[in-house]
Structure formats: structure tokens, C-alpha cells
Amino acid sequence: LRPSPPGLQTCRTNDQVSEQPQRRRGPWSQRIRWMAAGAAALLASVGAGGAAFLYSGYYNVAASSEHTGIVYWLREQGMRASVRRHAAGIDPPPGLSDPERLRIGAHCFQVKCAQCHGAPGVAPDEIGLGLLPIPNSLAQSALDWPVEKIYWVTRSGIPMAGMPAWEFRLSNDDLWAVAAFVDQQLPLLTVAQYRELTSSASEESC
């Protein structure tokens with residue numbers, strides 16, 4: 001065989017062409033595989049450790065014992081993300097500012113909500129103070145959350161916080177009335193105004 005003339009590139013077979021790129025990718029592919037295996041082993045170790053800790057019964061779930069900071073943080077972040085996701089498609093009905101609807105919402109709040117959350121001039125009852133975490137002031141929630149999220153929480157409840165699902169006890173109109181009252185009036189009421197607004201709450205069904 002004669003050598004190829006100068007300046008002409010010799011032809012290579014398909015195996016020869018693909019051999020060099022495969023050698024270049026080899027170290028990176030192996031490194032990625034090792035990283036994936038390490039991540040999987042780490043996740044498995046964390047999961048096994050978490051399961052062992054839970055089944056050991058070491059963590060105190062008594063309502064008389066405060067949760068740790070990380071538990072509170074995880075609970076709060078998970079709760080907010082869940083409410084944000086599930087309340088995303090809810091459209092508030094018209095007429096939420098109607099005075100009669102707000103009056104009904106105030107009465108329902110006094111009968112169903114103030115026992116745990118308190119109200120202007122009204123301390124939570126013993127049942128509310130015995131929950132952990134202690135139910136927060138809904139006047140603050142009204143400043144943090146839009147009305148559709150307040151409605152969703154009122155309707156669906158939050159089991160990890162002891163919040164009942166009022167959709168089984170209140171009509172949908174009453175649920176929106178409560179949400180509207182919390183959103184529009186509760187943060188602005190004085191003690192005297194709240195007392196006057198809810199003076200006949202015990203006389204009405206809700």
C-alpha cells in the first residue's frame with residue numbers, strides 16, 4: 001500500500017470516529033454516576049435516620065411541650081405552601097362588603113372562632129389555650145393573607161394546628177361571610193365596636 005499523499009486526510013471507520021468522543025465523555029459520565037450514587041445513599045441515610053427517630057418515640061408530641069424551632073419552621077412553611085396551592089383557583093364572590101354579610105360574619109366568628117382565636121376584648125377559652133400551637137390572632141392573619149386564603153382555611157381546616165373544617169358545619173355563604181369579616185373588619189375594630197357588633201351573636205344560629 002502506498003502512503004497517502006501529503007495534504008490528504010485519511011478516512012477513518014465509524015468505530016474510529018466514535019472512539020475519541022467516548023473517551024472524552026467517560027470520566028464525566030463516571031463522575032456523574034458517582035455523584036448520583038452518593039446523593040441516593042445520603043437520602044437513604046437521612047430517611048432511615050428520620051424513621052428510626054420517629055419510631056423511637058423520643059420526640060415529645062404532648063400539647064404541654066413546645067415544639068422545637070425546626071418543627072415550627074417546617075410546619076409553617078408546609079402549611080403556607082399548601083394553602084397557597086389549594087386556594088389559588090378560588091375567586092371571591094361579589095358583595096363581600098355588603099353590611100348584612102359582614103354582620104353575619106361577625107356573629108359566626110363570635111360563635112365559632114373567638115373561643116380559640118380570641119377577639120377584640122375577648123380572650124381565648126381554655127380549649128384554645130390548651131392547643132399547641134396556640135391559635136394565632138386572626139386580626140394578624142387578615143393582614144398577611146388575602147380573603148380567598150382565609151376562606152379556604154376556614155372551610156378546609158388545618159389538622160396539624162387543630163383547626164376544624166367548618167365546611168361540615170357552616171353553609172358556603174356563612175363561610176364567605178366569616179372570611180369577609182376577618183379580612184375587612186376584624187383588624188380595625190375596637191373593643192367597644194366588636195362588642196356592639198356581636199351583642200346578639202348568641203341569639204342567632206350560624
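Take each peptide in 98-104, 171-177, count the other Cβ atoms within 10 Å of every residue, and average; sorted highest first, the result is 171-177, 98-104.
The stretch between ALA192 and GLU76 holds 38.5 nm of extra length on full extension. This uses 0.36 nm per residue minus the Cα-Cα distance. Label positions at SER64 and ASP98, each projected 7 Å from the Cα along the C-beta direction, are separated by 4.9 nm.
In this label model, ASP173 and ILE158 are separated by 2.9 nm, measuring between points 7 Å along each Cα→Cβ vector. For segment 117-206, the normalised intensity computed at q = 0.14 Å⁻¹ comes to -0.52 (log10 of I(q)/I(0), Debye sum over alpha carbons, equal scatterers, no solvent). Each Lys or Arg adds one and each Asp or Glu subtracts one; over the other residues with Cβ under 15 Å from the Cβ of GLY121, this totals -1. If R0 is 22 Å, the Cβ-Cβ spacing of LEU131 and LEU54 corresponds to a FRET efficiency of close to 0.50.
Any read-out appearing in this document is the output of simple, stated calculations on the displayed coordinates, not a laboratory observation. None of these values were measured; they are calculated from a predicted model. In this analysis, Cβ positions are derived from the backbone assuming ideal geometry, glycine residues included, and neighbour counts consider all displayed protein chains.
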